[in-house]
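Trainee: First the structure, which I've put down as structure tokens, then a few questions once you've had a look.
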Amino acid sequence: MEATPFHKDFKLQGNSFNSVNEIIEFAKIISEDSSFFLQEWFNDRDFVEVKTSGSTGTPKCIQLQKKHMINSAITTGSFFNLPEKTTALLCMSPNYIAGKMMLVRALTLGWHIDVVEPSSNPLKYCIKMYDFSAMVPLQVNNSISYVHKIKKLIVGGGVVSNELLSKIQLVENEIFVTYGMTETITHIAVKKLNHCHSERVEESNYCCLPNVIVTKDSRGCLVINAPKVSKNNVITNDLIELISPTEFKWLGRFDTVINSGGIKLIPEQIEAKLSKIISRRFFVAGIPDVLLGEKLILVIEGENNLNRDQFFIGLKNLQNLLKYEIPKDIYFLKEFIATETKKVNRLETLKILAKNFN
């Protein structure tokens, strides 16, 4: 294909450009990773190679059609009302789809984008206000004092805790959580996170973007029909409650379901309940057990300073937490293993935990 054009209003770090080469050369000064992606974006191939995050398995490299990436950018701009000259901040790694798509949106829609080094607190030293940005929950949590600098913020790449939900309710900007993956070229559905009761957010549904239809398969997992961004249906491992062809409620991951004594437990649903009383990073998982097959455990990041007796009393009194959803054991790990996109890598973290007890 011919070199992908860029919008006449596109600016990078406040600079306008007359050619593709000018963009690439300037990008080398501010971000080697951004420059590398831009070289790939403007080459003669009609696809881009992208790594998956690796949060639920081994990272893999897949090919995404550039025309689908452009379609995704146009849909995002239209849905969130982000026209040319929108000011945007890229604070995620351009090595992964979320970061790449911030650049594609800017190039396609004519945004004025700034690039900063990906970090856990990317807004701390930002003096400008921006119309739009994307972050993972960890970045939002660490940027609460500065997040008002982004008028519209999308959050993806991890579960938003109840604690974080409470923190963002009074923030003046608009914050949305997104559902998507590398295979769908970021988000295909969104829901509003702030300016509402956190309980209502938990109960609310994801609404699909235009030209997206969803169904579920025999496992109860989401199937996505989004011809503008994927030639084939995308079959996921995400358990859902299907509300309508354009609306669904996310329940958890099929591949993390725990079978404990014949009872199927969905970790993500249990974690949503536990997050009401646990402020640190944590997750629940199943480990082999002679009697139950799998035993439900709780893994908490940080030092063991918990009064176990009081904690278990609190669990028994926790609203909506069923007795078989109470963890049989609690383990502490100084630091969780994370993916490059800052998601908790449950599998690798459990491996470290197992080594500590072998």
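Derivation of every value follows stated rules applied to the coordinates shown; laboratory data play no part. What you see is a predicted model, and the numbers here were worked out from it, not measured in a lab. Please note: Cβ atoms are built from the backbone with ideal geometry, for glycine as well, and neighbour counts cover all protein chains shown.
Trainee: Provide the percentage of antiparallel DSSP beta bridges, counting only those with both residues in the chain; round to the nearest 5. Don't jump to the answer; show the numbers that get you there.
Mentor: Values: 41 of 64 bridges.
Among the beta bridges of the chain, antiparallel pairing accounts for roughly 65 percent.
Trainee: For the chain, what D do you get in µm² per second when you plug the Kirkwood radius from alpha-carbon pairs into Stokes-Einstein at 4 °C and 1.567 mPa s?
Mentor: Working: Rh = 21.7 Å.
Estimated via Stokes-Einstein, D reaches 60 µm²/s.
Trainee: Hey, any idea what the orientation-averaged projected area of the convex hull of the range 257-357's Cα atoms comes to, in nm²? Walk me through the numbers on the way to the answer.
Mentor: Numbers: hull surface 26.8 nm².
Value for the range 257-357: 6.7 nm².
Trainee: Residues with beta-carbon under 11 Å from that of THR86, excluding THR86: net charge, scoring Lys, Arg +1 and Asp, Glu -1? Please list the in-between numbers first.
Mentor: Working: positive: LYS11, LYS85, ARG105, LYS151, LYS152; negative: ASP9, GLU84, ASP131.
So the surrounding residues net to +2.
Trainee: Same structure again: For a quick protection proxy, order the peptides 326-337, 34-45 by their average other-Cβ count within 10 Å, most packed first. Provide the component values of the computation, followed by the final result.
Mentor: On the way: 326-337: 15.4, 34-45: 17.4.
Sorting 326-337, 34-45 by mean packing, highest first, produces 34-45, 326-337.
Trainee: Further question on the same structure: Report the FRET efficiency, 1/(1 + (r/R0)^6), for ARG219 and HIS195, where r is their Cβ-Cβ distance and R0 is 35 Å, rounded to 0.05.
Mentor: Values: r = 35 Å, r/R0 = 1.00.
Step by step, r from the Cβ atoms, then E = 0.50.
Trainee: Write down the percent of antiparallel bridges among all DSSP beta bridges whose residues are both part of the range 130-187, to the nearest 5.
Mentor: Details: 2 of 11 bridges.
Roughly 20 percent of the DSSP beta bridges within the range 130-187 come out antiparallel.
Trainee: For the range 11-211, with equal point scatterers placed on the C-alpha atoms only and solvent neglected, what are the log10 I(q)/I(0) values from the Debye formula at q = 0.09 1/Å, to two decimals?
Mentor: Log10 I(q)/I(0), no solvent term: -0.32.
Trainee: Give the separation of the Cα centroids, the range 313-349 to the range 27-98, in Å.
Mentor: So the two Cα centres are separated by 32 Å.
Trainee: Thinking of the range 8-57 as a set of Cα atoms, what percent of all their pairs are more than 17 Å apart?
Mentor: Working: 548 of 1225 pairs.
Tail of P(r) above 17 Å: 45 percent of Cα pairs.
Trainee: What helices does the chain hold that run 27 Å or longer along their axis, going by alpha-carbon atoms, with a Kyte-Doolittle average of 1.6 or more, using DSSP H for the helix calls? Intermediate values should be presented prior to the final figure.
Mentor: Working: long enough: none.
Counting only whole DSSP H runs, no helix qualifies.
Trainee: Strictly over 26 Å apart at the Cα level, which of LYS11/LYS343; LYS60/LYS351; LYS151/LYS342; LYS151/LYS191 would you flag in this model? Please report the intermediate quantities before stating the final value.
Mentor: Details: LYS11/LYS343 30 Å; LYS60/LYS351 20 Å; LYS151/LYS342 23 Å; LYS151/LYS191 16 Å.
Over 26 Å apart, Cα to Cα: LYS11/LYS343.
Trainee: Here's something else I'd like to know. Please compute the net charge surrounding LEU209, taking Lys and Arg as +1 and Asp and Glu as -1 over other residues with Cβ under 12 Å from its Cβ. Spell out each step's value before the answer.
Mentor: Numbers: positive: LYS191, LYS228; negative: GLU247.
Combined, the nearby Lys, Arg, Asp and Glu give +1.
Trainee: Net charge within 11 Å of GLU301 by Cβ-Cβ distance, Lys/Arg positive one each and Asp/Glu negative one each, not counting GLU301 itself?
Mentor: For residues surrounding GLU301, the net value is +1.
Trainee: Okay, moving on. Can you give the convex hull volume of the alpha carbon atoms of the range 138-189 per residue, in Å³?
Mentor: Working: hull volume 4.2 nm³, N = 52.
So the per-residue hull volume is 81 Å³.
Trainee: Could I get the Rg over Rh figure for the range 83-170? Both from C-alpha atoms, Rh via Kirkwood, rounded to two places.
Mentor: Rg divided by Rh gives 0.95.
Trainee: I've got another one for you. So what is the relative contact order for the range 11-211, in percent, with contacts set as C-alpha pairs under 8 Å and at least six apart? If you can, show how the numbers build up before the last one.
Mentor: Working: 344 pairs, mean separation 32.2, N = 201.
About 16 percent, as a whole number.
Trainee: Still on this structure, please answer the following. Sort all Cα-Cα distances of the range 120-275 into consecutive 10 angstrom bins from zero, then give the percent of pairs in each bin up to the one containing the longest distance.
Mentor: Histogram of Cα-Cα distances, whole percents per bin: 10, 37, 34, 17, 2, 0.
Trainee: Additional query: So which lysines pass the test for LYS8, namely a Cα distance under 21 Å, with those fewer than 8 places away in the same chain ruled out?
Mentor: Cross-link targets: LYS28, LYS66, LYS67, LYS85, LYS100.
Trainee: Grab the beta carbon distance between ASN307 and GLU241, set R0 = 25 Å, and tell me the FRET efficiency rounded to 0.05. Write down the numbers at each step before the final one.
Mentor: Numbers: r = 36 Å, r/R0 = 1.46.
Here the calculated transfer efficiency is 0.10.
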